[in-house]
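Taking it in order: structure first as structure tokens, then the write-up.
Just so it is clear, none of the values below were taken in a lab; they were calculated from the coordinates. Computed from a predicted model, the values in this text were never measured in an experiment. So basically every Cβ, Gly included, is an ideal-geometry build from the backbone, and we count neighbours across all protein chains shown.
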Amino acid sequence: MASAATNRRGIIAMLTAMSLFVCNDALMKLAREAYPAGQAIALRTVFAMLAGLALVFAFREGDRLMLALRPVVLLRGVIEACGALSLVWALGRLPLANITAVGMASPLIIVVLAVLMGIEKVGWRRTAAVTVGFCGVLIVVRPTAEGFNPAAIVALFSALLVGFRDLLTRRIDKDIPSTVVSFTTMTIVGLIALGYGITEDWEPVWRRETIYVAVAAVLISTASFFIISAFRDADVGVISGFRYSAVIFAVIIGYLGWGEVPDPLAFAGIALIVGSGLYTMHRQRVRPDSNLKIARAE
């Protein structure tokens, strides 16, 4: 059991990470006003790989880079790349708060996937919470008589991939450092973004949007560091719920940057997603037989 001071530091680290992740999304949304999705991701990856490689050697783990060739690490990178491309594509077409809220459905998706894969058994409480959460997603996505917003479907697909990624992460051996996994993921994301970019018409890079992308790369790398710091010593059950602060940050930044304000119905959907996600994590924490508890980082 961590001390109150340790938990406070963990909460601060989690809040910092979430704010940086949302700022990264906002900068990528700005970059998408000039760049197609593949180019935006590829450019960010160049800067992020430099930061990631620096971390590998800063932690003196360069001799373990060959562990990146293990199939589970490579597969995780491919899934992350598809999720990143989906998210950045949708960022150019949806309000920041809405897309962040849809992304926050990933803990609910993990529960569904775990049940389908036979990893977890859930009772009526979590079943009800997941159902309520997906009702919230439908409210945010807002299907019409003409059908779903394609960008919202892509955002939901990105959240599904995040669920797969997080379940797969549990299968990565502890002898593979997080820095190596992160660097490998960024490399694969860049390669797939370049491949996808062949289908696009790329824009010249000597423009201010490239600065946005470079800053976004630094922010997402720093956010990953704070996530690790948040989970290293603090009680996971105490700090996990603070990941939903990302929705608050997204509402504020969306309003300041684009004048976006979710309507009352969207706010209701966001509240359902956040509430059901928090309750689902609570049930996983208190149930002794749950296989979806988040392990303490080593």
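Pull out a ≥ b ≥ c, the square roots of the eigenvalues of the alpha-carbon gyration tensor of the range 1-152, then state rounded if a/c is under 1.5, prolate if not and a/b is larger than b/c, and oblate in the remaining case. Present the calculation step by step, with values, prior to reporting the outcome.
Numbers: a/c = 1.57, a/b = 1.17, b/c = 1.34.
Here the range 1-152 falls in the oblate category.
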(Q) Taking 8 Å as the Cα distance limit and 6 or more residues as the minimum spacing, I'd like the relative contact order of the chain as a percentage. (A) 42
Q) What net charge do the residues around ALA97 carry, taking every other residue with its C-beta under 13 Å from that of ALA97, with Lys and Arg at +1 and Asp and Glu at -1? A) -2
Q | Rounded Å value of the spacing that divides the Cα centres of the range 82-147 and the range 250-271 | A | 17
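What order do you get for 173-180, 84-91 when each peptide is scored by the mean count of other beta carbon atoms within 10 Å, highest first?
84-91, 173-180
Before rounding to the nearest 500, sum -39500 (n - 2.57) across all DSSP H runs of length at least 4 in the chain and divide by the residue total; then give [θ] at 222 nm in deg cm²/dmol. Can you show the working numbers first?
Numbers: 12 runs with 215 residues, N = 298.
Result for the chain: -24500 deg cm²/dmol, rounded to the nearest 500.
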Q) Which ³J(HN,Hα) values in Hz, rounded to whole numbers, follow from the phi angles of the range 62-72 under the Karplus curve 6.51 cos²θ - 1.76 cosθ + 1.60, where θ = phi - 60° and Gly and Pro get x? A) x, 6, 10, 5, 5, 5, 5, 7, 5, x, 5
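Determine the shape class of the range 81-211: with a ≥ b ≥ c the square roots of the Cα gyration tensor eigenvalues, call it rounded for a/c under 1.5, and otherwise prolate if a/b is greater than b/c, oblate otherwise. If you can, show how the numbers build up before the last one.
Details: a/c = 2.61, a/b = 1.21, b/c = 2.16.
Since a/c reaches 1.5 but b/c is at least a/b, the shape of the range 81-211 is classed as oblate.
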Q) Among residues other than LEU168 whose Cβ falls under 11 Å from its Cβ, what is the net charge (Lys/Arg +1, Asp/Glu -1)? A) +2
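Under the definition of Cα pairs under 8 Å and six or more residues apart, what whole-number percent is the relative contact order of the range 10-121? Intermediate results must be reported in sequence, preceding the final value.
On the way: 34 pairs, mean separation 42.9, N = 112.
Relative contact order, the range 10-121: 38 percent.
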Q | Net charge over other residues, Cβ less than 14 angstrom from the Cβ of GLY269 (K, R count +1; D, E count -1) | A | 0
(Q) What are the ³J(HN,Hα) couplings of the range 269-281, residue after residue, when phi is run through the Karplus curve with 6.51, -1.76, 1.60 and θ = phi - 60°? Round to Hz, x for glycine and proline. (A) x, 4, 4, 5, 5, 5, x, 5, x, 4, 5, 4, 5
**Q.** Residue-by-residue Karplus 3J(HN,Hα) for the range 181-186, coefficients 6.51, -1.76, 1.60, Hz, glycine and proline x
**A.** 4, 5, 5, 4, 4, 4
